[in-house]
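Here's the structure we're looking at; comments come further down.
The values are calculated or read from the model by the stated rules, or taken from the named source; none is laboratory data. Note that the structure is predicted; figures quoted are calculated from it, not measured. When we count neighbours, we look across all protein chains shown, and the Cβ atoms used for this are built from the backbone with ideal geometry, even at glycine.
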Amino acid sequence: MGLGFLLARQRGSLYRLLVSAEVEPIYVQTLAFSHAAFASLEGQRHASAVPKDAGPLDLRSERAMQVVASRVRDAGGLDVLIGGPPCQGFSSANRNTWHSGNPNNKLVDVYLQYVAALRPRVFLMENVQGILWTPPHEATYEHVSVVDSLACQMADLGYTVFPKVLDAVWYGVPQHRNRFFVLGLSRDLGYGREDFGDWGPFPRPTHGPGTGQAYVTVRDAIADLPEVANGRLVDECPYVGPAEADLARNAFLAAMRASAPSGTITDHVTSRHAAYVIERYKLVPPGGNWEDIVEHLTNYADAERTHSSIYRRLRYDEPAITIGHYRKSMLIHPDQHRGLSLREASRLQSFPDWFRFAGGAVGTAGGLSHKQQQLANAVCPLVTAAVAEYVFGI
């Protein structure tokens, strides 16, 4: 989410991140690297837009509240507070944990505590759609959802709350990814619901039917990347980028390549799948999934209970399905018999090529898996960039 706000520009403006918080050290490394990389773009012009330091910060702790509040005071106040409380307790991928007592669900309350303490002019929270029907842990009535509870609490604090489900594909991301956003506006800003209409204070789609721009496709996003094999773990590989004329016709690819090193591509690495898995991949047609090879899934106790995204081969000429943990889902390249590379999946999430996810040595146990999990958890930067640009104009 923070990267999206950094990438948002309107009339020459640029948001500045006062603090970014992660409790896991490996994720802190990703923040530190991405902030340093962003600061170095365009000759250090953006150095003041990112925090100068990064360290593990547990937002549930009193110390974290003190650190964040101190930086807000030093900056003279806070315009926007953004956050995405971990969604495991709301995710349809984890229905066995879909209950009010899941401790992950309570992290929404932590986010609300920061809204109450810092009183930003605007707040933006992201989560999966399951938050719409999951009850808060203190709910006494079945029909009360986390969102209902949040709206009531924020209204009491003086905010007008606008909920919205946004599909990333609407904003130029080559992926269908529905995520739930709650945007709150302080009543001190003087806006009412009637000022925004049915769409609320969110940007209308820029891509898709009725917009004049087609959806960005998998081909637009990754067709330029060199062919690699199953289990490739070399961190860098030679890369001949598209010609300027091709970039002029492909705005998405131009954005992904902006400020990236020329002549090389990083993170174009793939998990190693067993030979029998690769043989299964060969049998799946573009757009197909496990249902095309059900008779070969002999190691599944009940293939009929398999998620529809398992063994899904992407199609070049349409957006991708939702990119979760793409290795566990065994997403297949459109025409190569292998799983996606980290760079391909990052492109499909709209992360520019200069962005790197932290992790251990690529070839060691857990290294690539750490990066894949961070990508699965991430919010598409182009979505929050679109929201950030709209909010700036309010």
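Among Asp267, Asp292, which is the only one that is touching a residue at least 24 places away in the same chain (Cβ under 8 Å) and of a type outside the set (Lys, Arg)? Of the residues listed, the single one that is touching a residue at least 24 places away in the same chain (Cβ under 8 Å) and of a type outside the set (Lys, Arg) is Asp267.
Summed over the range 20-36, the residues that are touching a residue at least 40 places away in the same chain (Cβ under 8 Å) and surrounded by fewer than 17 Cβ atoms within 10 Å (Cβ to Cβ) give a count of 1.
Which one is farthest from the chain's Cα centre (by Cα) among residues in the range 110-135 that are modelled with pLDDT under 90 and part of a helix (DSSP H, G or I)? Only one residue fits best here, namely Leu132.
Going through the range 40-62 one residue at a time, which ones are modelled with pLDDT of 90 or more and either surrounded by 15 or more Cβ atoms within 10 Å (Cβ to Cβ) or charged (D, E, K, R) (or both)? Selection gives Ala49, Val50, Pro51, Leu57, Asp58, Leu59, Arg60, Glu62. Scanning the range 311-321 for residues that are of a type in the set (D, E, K, R) and crowded, with 20+ Cβ neighbours inside 10 Å turns up Arg312, Arg313.
Tell me yes or no: at least one residue of the range 211-229 is under 17 Å from Val387 (Cβ atoms), over 19 Å from the mean Cα position of the chain (by Cα) and surrounded by fewer than 16 Cβ atoms within 10 Å (Cβ to Cβ). Yes, the range 211-229 has at least one match. Checked against the criterion of being on the phi < 0 side of the Ramachandran plot, among the aromatic types (Phe, Trp, Tyr) and assigned by TED's automatic domain parsing to the domain that holds Ala37, the candidates Phe202, Phe252 yield just one match: Phe202.
Would you confirm whether or not the range 148-155 contains a residue that is at pLDDT 95 or above, crowded, with 20+ Cβ neighbours inside 10 Å and of a type outside the set (Phe, Trp, Tyr)? Within the range 148-155 (the criterion being at pLDDT 95 or above, crowded, with 20+ Cβ neighbours inside 10 Å and of a type outside the set (Phe, Trp, Tyr)), the answer is no, since none of the residues qualifies.
Across the range 255-305, the qualifying residues are those that are aromatic (Phe, Trp, Tyr) and in a helix (DSSP H, G or I), and the one among them that is surrounded by the most Cβ atoms within 10 Å (Cβ to Cβ) is Trp290. Looking for something within 20 Å of Ile82 (Cβ to Cβ), buried (at least 21 other Cβ atoms within 10 Å of the Cβ), among the hydrophobic types (A, V, I, L, M, F, W, C) and outside the structural domain of Leu331 (by TED's automatic domain parsing) - is there at least one such residue anywhere in the range 190-198? Within the range 190-198, none of the residues are within 20 Å of Ile82 (Cβ to Cβ), buried (at least 21 other Cβ atoms within 10 Å of the Cβ), among the hydrophobic types (A, V, I, L, M, F, W, C) and outside the structural domain of Leu331 (by TED's automatic domain parsing).
Taken over the range 12-46, the criterion of being touching a Phe, Trp or Tyr at 6+ places or on another chain (Cβ under 7 Å) and among the aromatic types (Phe, Trp, Tyr) is satisfied by Tyr15 alone. Listed conditions (1) crowded, with 16+ Cβ neighbours inside 10 Å; (2) more than 16 Å from His176 (Cα to Cα); (3) touching a Lys or Arg at 6+ places or on another chain (Cβ under 9 Å) are all met by Tyr239, apart from (3). Selection of the range 322-341 for residues being within 14 Å of the chain's Cα centre (by Cα), buried (at least 19 other Cβ atoms within 10 Å of the Cβ) and not hydroxyl-bearing (Ser, Thr, Tyr) yields Ile323, Gly324. For the range 237-253, the condition of being in a loop (DSSP other than H, G, I, E, B), at pLDDT 95 or above and in contact with a Ser or Thr (Cβ under 9 Å, 6 or more places away or on another chain) holds for at least one residue. Among residues of the range 206-228 that are within 16 Å of Ala258 (Cβ to Cβ), those with a Cβ under 6 angstrom from a residue that is not in a loop (DSSP other than H, G, I, E, B), sequence gap 6+ or separate chain, pair up as Val216/Phe252; Asp220/Phe252; Ala221/Arg347; Ala221/Leu348. Remark: Gln349 matches the filter, which requires a residue to be surrounded by 19 or more Cβ atoms within 10 Å (Cβ to Cβ) and touching a Cys at 6+ places or on another chain (Cβ under 6 Å). Quickly run through the range 330-353 and pick out the residues that are more than 26 Å from Ala214 (Cα to Cα) and in contact with a strand residue (DSSP E or B) (Cβ under 9 Å, 6 or more places away or on another chain). Selection gives Met330, Arg338, Gly339.
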